[in-house]
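The values are calculated or read from the model by the stated rules, or taken from the named source; none is laboratory data. Given the structure is predicted, the values throughout are model-derived calculations rather than measurements. Please note: Cβ atoms are built from the backbone with ideal geometry, for glycine as well, and neighbour counts cover all protein chains shown. Surface accessibility is based on the protein's heavy atoms, side chains included, excluding ligands, DNA and RNA. Shrake-Rupley method; radii C 1.70, N 1.55, O 1.52, S 1.80 Å.
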Amino acid sequence: MPMPSAVDLAAHPLTIWQGPLGLPDFTRIGDGDFSGVFDAALKAHEAEIEAISGNAEAPTVENTLAALELGGEALDHVSSIFWCRAGAHTNEAIQALERDISPKMSRHFSAISMNERLFARINDLYQRRETLKLDAETLRVLEKTWKGFVRSGAKLDADGKKRLAAINEELSSLGTRFGQNLLADERDWALFLDEADLVGLPEFLKSAMAEAAEMRGQKGRYAVTLSRSIYEPFSTFSERRDLREIAFRAFTMRGQNGGATDNTAVVRDMLRLRAEKAKLLGYASFAALKLDDTMAKTPEAVHMLLDPVWEKALEKAASDQAELQRLAVEAGSNEKFAAWDWRFYQEKLRAEKFAFDEAELKPYLQLDRIIDACFDVATRLFGITFEEKKGIATWHPDARVFVVRNADGSERGLFLADYFARPSKRSGAWMSALKSGYKLGHGSKPVIYNIMNFAKPPEGKAALLSVDEAKTLFHEFGHALHGMLTDVTWPSVSGTSVSRDFVELPSQLYEHWLTVPAVLEKHALHVKTGKPMPKALVDKMLAARTFGVGFATVEFTASALVDMAYHARPDAPEEPLRFEAETLERLNMPGTIAMRHRTPHFGHIFAGDGYSAGYYSYMWSEVLDADAFAAFEETGDPFNPALAERLRKNIYAAGGSKDPEELYTAFRGKMPSPEAMMVKRGLV
Ligand SMILES: [Zn+2]
């Protein structure tokens with residue numbers, strides 16, 4: 001019987017990819033196709049899960065673990081194209097679908113993790129794991145799968161499961177409320193100024209403030225708002241000390257203004273529920289639960305990183321403050337140096353010490369040349385090459401397609417890159433995969449892409465980048481290499497499927513090669529003269545990187561330490577804000593620097609779960625990348641072949657196939673220490 005309305009997953013261009021080079025045939029995909037294909041693909045995956053969990057045969061790695069990993073292929077295919085479109089080339093239809101599909105997907109995957117018959121089969125394999133003669137990667141995948149179920153509550157009794165579900169639901173709605181309260185506080189506060197109040201402000205800030213005022217119905221005036229992109233430059237440039245103080249107080253009180261949008265009680269309840277959840281799942285604290293599958297593993301290891309950095313940062317900040325105070329006195333100020341003076345005098349010092357213009361650098365950073373530099377470094381380190389294929393349809397005509405080849409000429413995978421900003425693209429820069437690389441089953445070659453938001457140049461002109469943009473290009477390309485060089489068997493540990501405190505290593509490490517002299521000499525060529533960047537300019541660019549580091553490290557690390565203090569205790573504080581104050585006092589926090597994120601507006605850790613007990617990981621990654629690059633510096637050769645091979649094998653190719661500690665040690669010969677990062681930051 002023909003069923004005209006049903007989607008044929010075995011023939012649809014969203015699920016069966018028959019375009020050039022094995023890409024989806026984007027010319028045959030319409031926006032209206034997604035919804036029906038999603039529904040059919042979800043059903044197909046449900047049926048696969050049912051077949052695995054209802055299998056009458058005893059569980060084996062083949063019929064359970066491998067079947068689970070290889071299942072849902074149609075869903076993977078339609079999802080990867082859909083989320084690519086949602087980020088890189090969206091429209092109202094795609095956005096409406098997004099709101100519909102997100103909850104469907106989360107229900108689908110939570111049903112799988114709650115499937116008791118499925119867990120029974122995984123648990124059976126897990127209990128027999130020692131006798132199954134598994135290779136190390138398979139054993140790790142089995143353990144990770146089992147742990148994933150357990151962390152979702154699979155081992156709890158019925159009451160426990162019910163309580164866990166209630167806690168999760170409550171935490172998720174509290175997290176949403178936290179974010180919305182914060183947004184409301186940021187939206188509702190504004191300080192309206194007139195032309196005469198703008199002494200010292202640069203043009204870009206004045207126009208942003210004019211627009212902010214107009215949006216709030218005060219056309220012709222200027223608004224200081226609590227958006228970081230206005231607040232920070234305002235407190236950096238405004239000559240009006242009184243106004244800087246007002247802005248500082250408002251900024252640091254976000255989420256703590258009483259009334260309906262106050263986050264104090266939200267935080268108290270969240271900390272209480274998180275502690276209860278950890279206990280229910282058998283962990284000593286919420287931090288222990290969150291850190292269990294990371295590289296750091298324990299709160300103690302996090303402190304071994306943060307504590308020495310904190311001491312050095314305090315010293316550096318104290319000596320920086322003394323210098324800034326001198327500057328303030330010279331400028332005629334007789335007020336006590338305060339938190340709202342720091343950025344202002346720091347900028348005066350920067351202008352004096354590192355007077356150079358970004359505009360001087362830009363002509364040397366042509367987009368096409370910097371792309372060449374990314375490829376060239378990858379060829380020198382890892383032997384892979386890139387060949388552009390023109391005229392292939394993708395999600396947008398701007399996206400470019402490259403075939404990636406191994407040193408022996410065999411095809412490794414595809415790299416797609418979409419560099420220019422447009423209204424249909426969300427802001428930021430990222431890496432993702434249309435397909436990940438793995439060997440299980442018939443195997444799959446990686447199809448990886450990078451999305452950027454560089455300004456598109458007029459026809460016939462070269463696109464020029466700022467230093468930050470060139471760094472971003474290297475950063476995202478480092479993530480892309482993590483996806484493209486992957487050499488694992490199991491899909492769930494492919495490429496960037498690693499813990500949060502390890503995933504930024506391949507990307508941040510890659511940034512280091514942008515400023516290697518040999519790379520700049522070859523690729524940073526002036527757009528008109530073709531001459532390389534003069535050494536004096538390179539030196540100034542490099543020296544400016546460590547400026548202001550005392551302040552930046554103190555404000556960041558204070559937030560990371562308070563995050564850890566909240567979550568590493570077995571219970572929850574009755575009054576979080578008092579606990580915050582006591583923690584800062586114990587740490588000798590300088591009165592002239594505020595935490596980068598105070599508790600009532602610390603969205604990373606309270607507007608959802610993302611970085612709770614995890615704010616440290618930004619710095620952890622920096623420790624890793626500095627220590628890893630130091631390995632090359634120690635050999636005197638930034639392309640040392642033996643080291644590059646160890647880097648490829650243990651970091652870029654290994655995905656999550658082994659414990660990150662084991663991988664890092666195999667590359668470096670030891671665990672990282674914070675010294676190289678402190679040197680890079682200029683703290684020692
Ligand atoms: Zn990144």
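Odds and ends about this structure:
- Taking only protein heavy atoms and a 1.4 Å probe, the accessible area of the chain is 53% carbon and sulfur.
- Accessible area in square angstrom per residue, region 20-155, 1.4 angstrom probe: 49 Å²
- Candidates per trypsin sites (Lys or Arg not before Pro) in region 251-345, loop by DSSP, up to 12 other Cβ within 10 Å: LYS336
- Descending Cα extents along the principal axes, region 358-503, whole Å: 50, 35, 33
- Rg to Rh, two decimals, where region 155-233 supplies the alpha carbon set and Rh follows Kirkwood: 1.37
- Placing pseudo-labels 7 Å out from each Cα toward the beta carbon at THR176 and MET671 gives an inter-label distance of 4.0 nm.
- If you wrap the tightest convex hull around every Cα atom of the chain and split its volume per residue, you get 190 Å³.
- The value of relative contact order for the chain, using C-alpha pairs under 8 Å at least six residues apart, is 15 percent.
- Separation of alpha-carbon centers, region 139-168 and region 363-412, rounded to whole Å: 43 Å
- Between ILE16 and THR379, the FRET efficiency from the beta-carbon distance, with R0 = 35 Å, is close to 0.55.
- For LYS219, a cut-off of 26 angstrom between C-alpha atoms picks up these lysines, skipping any fewer than 8 places away in its own chain: LYS206.
- Checking the Cα-Cα distances for LYS348/LYS531; LYS104/LYS389; LYS312/LYS522; LYS155/LYS658; LYS528/LYS680; LYS161/LYS297 against a 28 Å cut-off, the pairs over it are LYS348/LYS531; LYS104/LYS389; LYS312/LYS522; LYS528/LYS680.
- Selection of chymotrypsin sites (Phe, Trp or Tyr not before Pro), region 342-373, meeting DSSP coil and at most 15 other Cβ within 10 Å: PHE354, PHE356
- Summed residue charge, Cβ within 12 Å of ILE52's Cβ, Lys/Arg positive, Asp/Glu negative: -4
- Residue ranges 81-89, 388-396 sort as 81-89, 388-396 when ordered by packing (mean number of other C-beta atoms within 10 Å per residue, highest first).
- Multiplying the residue separation of SER207 and ALA47 by 0.36 nm and removing their Cα-Cα distance gives an extension gain of 51.9 nm.
- Whole-number D in µm²/s for region 189-253 (Stokes-Einstein; Kirkwood sum over Cα pairs; 4 °C, 1.567 mPa s): 114 µm²/s
- You can think of it this way: the chain between PHE192 and GLN95 has 31.5 nm of extra reach, that is 0.36 nm per residue less the Cα-Cα gap.
- Estimated distance in nm for a label pair at ALA518 and ARG326, the labels positioned 7 Å out from Cα along Cα-to-Cβ: 4.1 nm
- Cα convex hull of region 336-393 - mean projected area over all directions, nm²: 8.7 nm²
- Förster radius 25 Å - calculated FRET efficiency between MET253 and GLU575, Cβ distance, rounded to 0.05: 0.90
- Region 21-39 and region 50-113: distance between their alpha carbon centers, rounded to Å: 16 Å
- Computed lengthening from GLU388 to ASN168, 0.36 nm per intervening residue step minus Cα-Cα distance: 74.5 nm
- Pairwise centroid distance, computed over Cα atoms, of region 520-554 with region 176-194, Å: 37 Å
- Listed by chain and number, the aspartates and glutamates whose C-alpha is less than 16 Å from the C-alpha of LYS277, apart from same-chain residues fewer than 8 away, are ASP157, ASP159, GLU169, GLU170, ASP269, ASP292, ASP571, ASP609.
- Looking at region 554-672, the accessible area is 35 square angstrom per residue; that uses a 1.4 Å probe and ignores ligands, DNA and RNA.
- P(r) histogram, all alpha-carbon pairs of region 20-155 included - 10 Å bins from 0, percent: 10, 35, 28, 19, 6, 0
- Based on Cα contacts under 8 Å between residues 6+ apart, region 20-155 shows a relative contact order of 27 percent.
- Taking the DSSP beta bridges with both ends in the chain, the antiparallel portion is around 80 percent.
- Degrees, to the nearest 10: 203-215 long Cα axis against longest axis of the chain: 70 degrees
- Helical mean residue ellipticity (222 nm; -39500 (n - 2.57) per DSSP H run of 4+; nearest 500) of the chain: -17000 deg cm²/dmol
- Taking Lys and Arg as +1 and Asp and Glu as -1, the other residues whose beta-carbon sits under 10 Å from that of LEU414 total +3.
- The angle between the Cα long axis of helix 576-586 and the main principal axis of the chain comes to about 60°, on a 0 to 90 degree scale.
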